[in-house]
1. Within the stretch B:125-153, find all residues whose amide N lies under 20 Å from a label point positioned 7 Å from the Cα of B:TYR318 along Cα-to-beta-carbon.
2. According to the square roots a ≥ b ≥ c of the eigenvalues of the Cα gyration tensor, what is the shape class of the stretch A:18-58, taking rounded for a/c under 1.5, prolate for a/b larger than b/c otherwise, and oblate for the remainder?
3. For a label point 7 Å from the Cα of B:LEU27 along Cα→C-beta, name the residues of the stretch B:285-325 whose backbone N is under 11 Å from it.
4. Could you pull out the longest piece of chain B with no exposed loop GluC sites (Glu not before Pro) in it, calling a site exposed if DSSP puts it outside H, G, I, E, B and it has at most 14 other Cβ atoms within 10 Å?
5. How many percent of Cα pairs in the stretch B:112-242 exceed 21 Å?
6. Would you mind giving the mean number of other chain beta-carbons within 10 Å of the Cβ of each residue in A:29-36, as a whole number?
7. Positive end of the dipole of the stretch B:83-350, charges at C-beta (+1 Lys, Arg; -1 Asp, Glu), about the Cα centre: which of B:HIS312, B:MET283, B:PHE250 has its Cα farthest in that direction?
8. How large is the helix-only mean residue ellipticity at 222 nm for chain A, computed as the sum of -39500 (n - 2.57) over DSSP H runs with n ≥ 4, divided by its residue count, in deg cm²/dmol to the nearest 500?
Amino acid sequence: MAVVKLQRPKLNFGEKIYFGALIKGFILTMTHAVKSLLGKSVGAETLASSGLGVTMQFPEQRWDDHLPEYYRGAPALVTDEQGRERCVSCQLCEFICPPKAIKITPSEIPSDDPWAKVEKRPLEFDIDMTRCIYCGMCEEVCPEQAIYLRKDYLITGLKRADMVHNKKRLYEIGGTRVGLVNKWNELK
Amino acid sequence: MDILQIAIILVKIVTLTFLVVLPLVPLSVYFERRFSAIIQDRVGPNRVGIPFSLLGFKKDFHLFGLVQPIADGLKLFLKEDFTPAHVRKAFYWMAPALTVVPALITVCVVPFGSPISIFGHTEKLVIADLDIGPLFVFSVASLSVYGITLAGWSSNSKFPFIGGVRSTAQMISYEIALGLSIVPVLMYYGDLNLGTIVKQQADHGWLLLPLWGHDATHTLSSKLLFWFPAAIAFLIFTISIFAETNRMPFDLPECETELVGGYHTEYSSMKFAMFFMGEYAAMVIGSALIITLFLGGWSIGFGLDAVVEKLHIGDFYYGGFIHMGCFMTKLLAFILFFILVRWTVPRFRYDQLMKLGWVVFFEAALINVFLAALIVAAPQLQAAIIGIGSVLLVILTAAVIWVAKVSEEQPKILRA
């Protein structure tokens with residue numbers, strides 16, 4: 001192996017007595033301090049700072065308006081514009097879910113229902129948010145476009161039970177989603 | 001000594017130590033966190049305040065997070081006080097107290113303000129008006145290294161031990177420079193009583209700002225001439241205080257990157273908090289000493305002190321309290337400077353630290369003593385003697401620099 005000999009850099013007198021560097025350092029830190037107090041730190045603008053440093057101060061200020069289109073928040077079920085459940089409880093999302101956060105209890109749609117041809121709907125649909133990793137695989141795999149990742153990121157609770165989203169809560173988060181889905185088509 | 005005198009002394013001890021200096025410790029912790037945050041473009045602790053909403057009121061007062069240190073202290077109280085099985089118990093328990101107590105004892109010689117007077121009775125705003133002020137501070141403050149060393153040794157684990165040893169070595173190398181650097185100041189004032197030193201600065205200008213109070217014995221030119229040795233002394237003294245209090249450029253006994261947590265690795269809960277408190281108390285006392293010796297102590301300056309001292313309501317001369325406010329302002333400013341240095345200057349390597357202490361500061365302080373002596377004695381000497389003295393001083397300086405240069409070890413070339 002080749003030996004590389006490194007020469008320490010020769011310091012001139014000013015560098016040796018070190019005080020110049022100290023003062024430079026003080027100027028640097030104080031510039032940062034002053035700029036930070038005035039809310040003019042580098043990046044304060046783009047990071048939507050609170051006016052002190054580059055930090056956004058959370059409960060009062062939210063990142064919500066700055067969330068990107070592709071942001072993946074809490075997964076939720078959606079209904080169509082007429083309030084019908086899109087989910088047919090095929091359980092594909094339950095099977096694909098890497099951390100096994102989704103638990104579905106399927107049920108049949110009774111034969112006297114006008115949409116009996118759809119056959120199934122979920123009786124229970126639980127997503128354990130302490131397990132969910134927001135990967136979005138459920139959304140990708142869903143053939144009925146019934147589960148979507150919304151932009152909700154504040155999933156909190158005081159008990160483990162609070163962290164499990166049941167069907168009602170999931171529809172609350174999800175809301176409605178407009179668009180044609182084949183299963184509602186009478187002719188098909 | 002009658003009851004009244006004892007009562008006055010007790011009141012002074014309790015107020016000045018526990019109501020003035022001790023609250024400065026959490027305050028400086030708060031400043032440390034806020035100021036470092038601002039330097040680093042962050043916000044820092046700004047939430048913890050008085051939780052009025054818990055008591056049924058509408059709003060909480062967050063007070064810029066000023067209550068944060070109390071929350072920190074409470075947290076440390078509630079932590080488990082764990083004593084590892086392998087420690088040497090007696091010393092392990094003693095060490096935290098040994099770091100805090102010396103720092104708080106030194107408070108007693110610091111003059112906080114000019115004397116206040118009530119009903120014709122004058123009282124100095126200093127706990128013990130000792131005639132050996134700085135010497136007392138040095139002798140007691142150096143005891144705090146025992147706490148650190150004992151903590152390192154009694155923890156019976158390698159990183160704390162290295163921290164303790166480093167602290168000892170650092171103390172020895174900087175104590176000499178610390179002591180020597182203020183010799184010029186003491187020569188100039190001819191007094192070791194800190195109260196008298198501050199009084200002289202109030203009358204004739206601060207040591208580093210001698211712009212007022214000129215008279216026959218304190219001419220402007222003589223004061224300006226002494227400014228140079230005073231500035232050198234200030235520099236050496238300040239940097240040595242940094243080393244003495246284990247503050248950032250010299251915090252080798254507890255550097256996290258090398259020694260886990262340094263000498264307090266094995267400590268938890270309030271025992272750890274005591275080390276923390278001791279460090280900050282030492283910082284407060286160090287800045288108080290620097291201010292007292294070089295920056296006029298409680299003096300407001302510009303000839304205003306005489307006016308302030310005469311302020312009174314009836315028999316009550318309250319100027320001392322204004323001076324005390326001035327002293328606290330200066331103290332806080334200096335603590336902020338300490339913090340600024342901590343977040344600006346990177347830590348020294350150990351050999352650089354030793355070299356700085358023994359090769360640079362020790363010699364510089366020694367030469368500074370001679371320089372100051374020459375300047376102080378100059379008015380009484382004949383021109384010829386001053387000339388000889390200055391030539392000798394130049395020769396001495398050159399010799400010291402030459403020795404330092406020659407003795408500097410060249411890095412060995414490992415392979416040609």
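1. B:125-126
2. The shape class here is prolate.
3. B:325
4. B:81-407
5. 56
6. Per residue, the average neighbour count from other chains is 5.
7. B:PHE250
8. -6500 deg cm²/dmol
Rule-based calculations on the coordinates, nothing more; no lab input. Worth saying up front: this structure is predicted, and the values here are computed from it rather than measured. For neighbour counting, all protein chains shown are included, and Cβ atoms are generated from backbone atoms with ideal geometry for every residue, glycine included.
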